[in-house]
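Read-outs throughout are calculated quantities, based only on the coordinates presented, and are distinct from any laboratory measurement. Computed from a prediction, not measured in an experiment: that's the story for all the values here. Note that each Cβ is placed from the backbone with ideal geometry, even for glycine, and that neighbours are counted across all protein chains shown.
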Amino acid sequence: MLPEGFRHAFRMPPSGKRISRDVQDEIAFHLAMREERLRAQGVSDADAPADARKRFGDVARIADECQAIGSEREQTRQRAELLQSVWQDLRYAARSLAKTPAFTAAALLTLTLGIGATTAVFTIVYGVLVRPLPYAEPERLVQLWETSTLTPGDRNPVSVPNYKDWVARNRSFNELLAYGYNRYTLMGEGAPEQVQGSQIFGDIVSILGVRPLLGSGITEMQSRDFVVVLGEGIWRRRFGADPGIIGQSIRMNAQTYTVIGVMPSTFRFPRPDVELWTSHATILSDPAWGEARGRRFQRVIGRLKRGVTYEVAGAELDAIGRRLSVEYPDANPGSGAALVPLKDQLVGETRPALLVLAGAVGCVLLIACANVAHLLLARTASRERELAIRAALGAGRGRILRQLLTESLVLAAIGGALGVLLAYAGVEILGKMSPEAVPRFNDVRIDRWSLVFTSLAVLITGILVGLAPAIRGTSRSVEASVREGTRGAGTAARHHRLQGALVAAEIAVSLVLLVGAGLLLQSFNRLRSVNLGVEPAGVVTMLVAGSPVKYDNPDKERALFARVIERVSSLPTVQSVGMCDCLPPDVVRTTGSFRVDGGSTVPAELPVGNQIRVGGNYFAAVSIPVLAGRGFTDRDRPDAPPVAIVNETLARRYLGGGASGADAIERRVSFDGERWLTVVGVVADVHYSGTAATVEPAVYSPFAQDPFIGMNMFIRTTGDPLSVVPSVRNAIVELDPELPLAFVRTLEAYVGESITQARFNMAVVTLFAALAFGLAAIGIYGVVAYGVARGRHEMGVRMALGAQKNDLLRLVVGRALRPAVLGVVVGLVAAVFATRALDRLLFGTSSRDPITFAAVAIALLVVAALASYLPGRRGAAADPLIALRSE
Amino acid sequence: MGDSELNVFRNSLDLIILKALSWGPRHGYDVAEWVERVTEATVWLEEGTLYPALHRLERKGWVSAEWGVSKNNRRARFYRLTPQGKAQLKTDTPTWLRHAEAIARALRSTSPELA
């Protein structure tokens, strides 16, 4: 009889076949015994077997039943055993990790940083690029634009008549919706408040499939009624979340609107800053806006019919646009139309930046893995004797492999758990850092997809960092390990190769990251040092927008702004005050084609430029030098001959302006071919289309001859520009209590905001590069320090044989530098390919800038040398006797 | 009657088997012989029923089984009570006896009187 547990101990689990044979044997034994007994009782030899079977019952059925029970029992046992051995591995892993707290802390810190950063970036990338829009069947929503052969590549807004024709003629869309942006001054209790609104032409609730919180949305039928739908935010803030708000009247822009609904705060269409939606009443009732085919100001979205592809709908829309161009050649010269899936439209330029981010953080994770792999390798090496003994005691290779992998997985799992916390904080911090740099960031949260991602990252990381040590830990012969003990001189070479490969990989990956960060940093600096053409320091800017109902003719508009400028100019510390419908460096209200006298009159050949209205002392207020001729003066009255000032680019390119631009004076320009403006001055170039864009031709006209109701005011002061704001506010309230000031900020702050996206890219990639660089440096240091400690015996021998300290130092540093050089070479090649992804993010910087490449390569080599010199010196300084005895 | 007590009846065969093994390891045939002798062959119609019951007890962990050699030198499967099985026998026996005696008393009664 085998002793109990013997079979188990010797790993001889019964198979299905064996269970079946056991059952057969058992029953056969019973029958034989019964037959014997029957015979003893006098049954004949011939009858005994049959009698025994009769007494037993259905042998086959009972055998089957027993076998089924047996297999079940066997399965339960195996499961329990597996569970027990996994539990055993876990306990063992926890014990051995707890025994080496320094190692565990270092590995956990690295893994937390790596997995945390990766989870944060994944969450952002998923939330912005992948997560569906919060609308019903969002893939059927598209943004529609007019295109023009005059400005290829441009996406233009749509005029009301063109939009109506799109609606009437298309067959691809269930619904279209036109919308524009408008600022509203909310009156009533409390101070007048300026909020961003959107004017809606169409049914916003049905096209987006979003339920209002209260009441209803605006239907197309109500397009001409003065109705408004409030956002939840303003409803709570200004109306105290009054559920009876529906049906009440509110005053906005000196007009009475009826509240018909409230939208939930999660509804952020078309932009997060929009707080209310009105009908198209003011637009449709004004022929200048509602009937002018050439007045392009509406944005349009559409919901595709089920089964209609983007291509088919786009082609149909373009055909409609072309037909409109033929039917109305004056208003629609060379126009067509194009569609963009709504999500692509929203995400826009962020996609390449986010993908670069994802790549960068992936590199950080790789380096973190390499570092932890180093640590684990070193640990495995010092545990070789232990592993060998376990192997000698009968633990199979698979068992030891599993145990080592359990250890690394436990590490990764704890690192992942801590990493999720880090990611949570990271997403918050990045969101606070620059919410406007990334669209859709408001709704980015750590969600279950982040956790799924983290789990995957933990699994892959755990296997990645554990694999090399596990293979090494199980590939050595038992005999060699036991004989060599922990010194492992014979394995030194192989050990070095593996560690060296890891060091090379780390250096290569961090080089790629550092080159990327260097390029972005350079690009950011170039962007920041772009001469915008204005001097932002000392200037405060704000929007002054009167109600178009109250100031309903040019004379009233002129009078209002004349008084505003007069009052503000007289305030203390104010040097000069100007108005503009532009806001450098990236806002210009109107861009379109213009004519110069003697130039082409063919619509398709007309030059395109910015049309800018300025009032007061705009050029002086923002310090734009007048290069030739004069600035605008009080003489440029409405009844005086129309005049214009052009920028240097226009003067040089189209008016033969020469070096000083003087030749452009007295030439004429026109926007419509009928009213001609005489050029009286040339001013220096200013950026209006963004810091990174080239300066376009610009025509300035005096406010008095071309008034407008919403102007940005620019006030240059001698002191702190913001300190003048309260007195400006007082002065304006005295002029008109319903005239709010909005978007008050220094021009410097605004210029800073305009490069937020670039700053965000630069800051995050630099952060990751620094992280990677630090990890890589620590990794190299650790490897060399460990190698020195292990190689002390060898050093001792060399010293005993007469080697000098410097020889030893050179040996150690040289050994460490070899993989570093290899890593730099590989990294440089990889960086050439990888930095191509940056092409679209870089300004004035080549993605292959040789100086950046060289600087980063040299810096990394210096750090590698330093990181190996320090421990190397310690090793070389050791006493040879102690070193020799160190076993 | 609670579930556990109901089980006592359902598993009366189990209890008898545990009892059969309470003097030490036995193979299936010996268990069958003993049960037949002490119950005068009233427990089962077919001896084969014993084996699924034994295997179920083994799955529950109340008995363990090993191959050994019988008195007449044949290979036989021997069953032995595990500590769990012993405990089960100890707790189930009095419960079962109490109920069995109660039923027996009731069925033997000849009087319709209430008290």
TODO: State the number of lysine pairs found in chain A whose Cα atoms come within less than 28 Å, restricting to pairs 8 or more positions apart or on distinct chains.
DONE: 5
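If packing is taken as the average number of other Cβ atoms within 10 Å across a peptide's residues, how do A:590-599, A:277-286, A:646-655 rank, most packed first?
Numbers: A:590-599: 17.3, A:277-286: 19.8, A:646-655: 24.0.
Averaged packing, sorted descending, gives the order A:646-655, A:277-286, A:590-599.
What does the structure give for A:29-39 when I average, per residue, the other chain Cβ atoms found within 10 Å of the residue Cβ? The partial results should precede the final answer.
Values: counts 8, 12, 3, 5, 10, 4, 0, 3, 2, 0, 0.
Averaged over the peptide's residues, the number is 4.
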Open item on the list: Once you order the gyration tensor axes a ≥ b ≥ c over the Cα atoms, which shape class does the range A:551-735 get: rounded for a/c under 1.5, otherwise prolate or oblate by comparing a/b with b/c?
Closed with: prolate
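Of all beta bridges DSSP finds with both residues in the protein assembly as shown, what is the antiparallel percent, to the nearest 5? It would help to have the intermediate numbers written out before the result.
Working: 82 of 100 bridges.
That works out to approximately 80 percent antiparallel.
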Open item on the list: For a quick check: sort A:LEU502, A:LEU543 by the number of other beta carbons within 10 angstrom, fewest at the front.
Closed with: A:LEU543, A:LEU502
Task: Per-residue ³J(HN,Hα) for the range A:209-223, Karplus 6.51 cos²θ - 1.76 cosθ + 1.60, θ = phi - 60°, Hz, x for Gly and Pro - done: x, 10, 7, x, 6, 9, x, 9, x, 8, 8, 5, 4, 8, 4
Task: Total formal charge among the other residues, if their Cβ is under 11 angstrom from that of A:TRP676, Lys/Arg +1 and Asp/Glu -1 - done: +1
Task: Residue-by-residue Karplus 3J(HN,Hα) for the range A:855-870, coefficients 6.51, -1.76, 1.60, Hz, glycine and proline x - done: 4, 5, 4, 5, 4, 5, 5, 4, 5, 4, 4, 5, 5, 9, 5, 4
Task: Nearby lysines by direct alpha-carbon distance to B:LYS19 (threshold 18 angstrom, same-chain neighbours under 8 apart not counted) - done: B:LYS60, B:LYS86, B:LYS90
Open item on the list: Cβ neighbours within 10 Å, averaged per peptide: list A:580-587, A:743-750 in order, most packed at the top.
Closed with: A:580-587, A:743-750
Open item on the list: What do you get for the angle between helix A:310-327 and the principal long axis of chain A? Use alpha-carbon atoms, 0 to 90 degrees, nearest ten.
Closed with: 10
Open item on the list: What does the structure give for A:17-23 when I average, per residue, the other chain Cβ atoms found within 10 Å of the residue Cβ?
Closed with: 1
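Above 24 angstrom, tally the Cα pairs of the range A:713-861 and express them as a % of all pairs, no decimals.
62
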TODO: Calculate the radius of gyration of the Cα atoms of the range A:592-698 to one decimal place, then report Dmax, the largest Cα-Cα distance, as a whole number, both in Å.
DONE: 13.3, 39
- [ ] Take the alpha-carbon centre of the range A:218-296, take the same for the range A:359-430, and report the distance between them in whole Å.
- [x] 57
Task: Of all DSSP beta bridges in the range A:150-333, antiparallel share, percent nearest 5 - done: 75
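Output the relative contact order of chain A, whole-number percent, from Cα pairs under 8 angstrom with separation of 6+ residues.
On the way: 1483 pairs, mean separation 126.2, N = 887.
Answer for chain A is 14 percent.
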- [ ] Please sort A:680-691, A:129-140 by packing, taking for each peptide the average over its residues of neighbouring beta carbons within 10 angstrom, highest first.
- [x] A:680-691, A:129-140
Open item on the list: Just to confirm the number: angle between the C-alpha axis of helix A:350-382 and the first principal axis of chain A, 0 to 90 degrees, nearest 10?
Closed with: 20
Open item on the list: Restricting to DSSP H runs of at least four residues, report the calculated mean residue ellipticity at 222 nm for the protein assembly as shown, -39500 (n - 2.57) per run over all residues, nearest 500 deg cm²/dmol.
Closed with: -17500 deg cm²/dmol
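Rounded to two decimal places and with Rh computed the Kirkwood way over Cα pairs, what is Rg over Rh for the range B:3-105?
Details: Rg = 13.9 Å, Rh = 14.2 Å.
Here Rg/Rh amounts to 0.98.
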Task: Alpha-carbon Rg with Dmax, taken over the protein assembly as shown, Å - done: 43.7, 144
Task: Degrees, to the nearest 10: A:59-99 long Cα axis against longest axis of chain A - done: 70
Task: Relative exposure of A:MET433, A:MET711, judged by other C-beta atoms within 10 Å (fewest first) - done: A:MET433, A:MET711
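If I take all pairs of Cα atoms in the range A:6-86, what percentage of them are more than 21 Å from each other?
Working: 1498 of 3240 pairs.
Roughly 46 percent, once rounded to a whole number.
Set the Förster radius R0 to 56 Å, insert the Cβ-Cβ distance between A:ARG385 and A:LYS550 as r into 1/(1 + (r/R0)^6), and round the FRET efficiency to 0.05.
Values: r = 91 Å, r/R0 = 1.62.
Efficiency at R0 = 56 Å is approximately 0.05.
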Task: the range A:150-333: Cα Rg divided by the 2.2 N^0.38 Å rule of thumb - done: 1.10
- [ ] Using the number of other C-beta atoms within 10 angstrom as an exposure proxy, rank B:SER109, A:SER510, A:SER148 with the fewest first.
- [x] B:SER109, A:SER148, A:SER510
TODO: Search the structure for amide H atoms under 5 Å from the amide H of A:ARG630, placed 1.01 Å from N in the peptide plane, and list their residues when 5 or more places away or on another chain.
DONE: A:GLY681, A:VAL682
Task: For A:71-81, mean number of other protein chain Cβ atoms within 10 Å - done: 1
- [ ] Would you mind checking which residues have amide H under 5 Å from A:TYR328's amide H? H placed 1.01 Å from N; only 5 or more apart, or other chain.
- [x] none
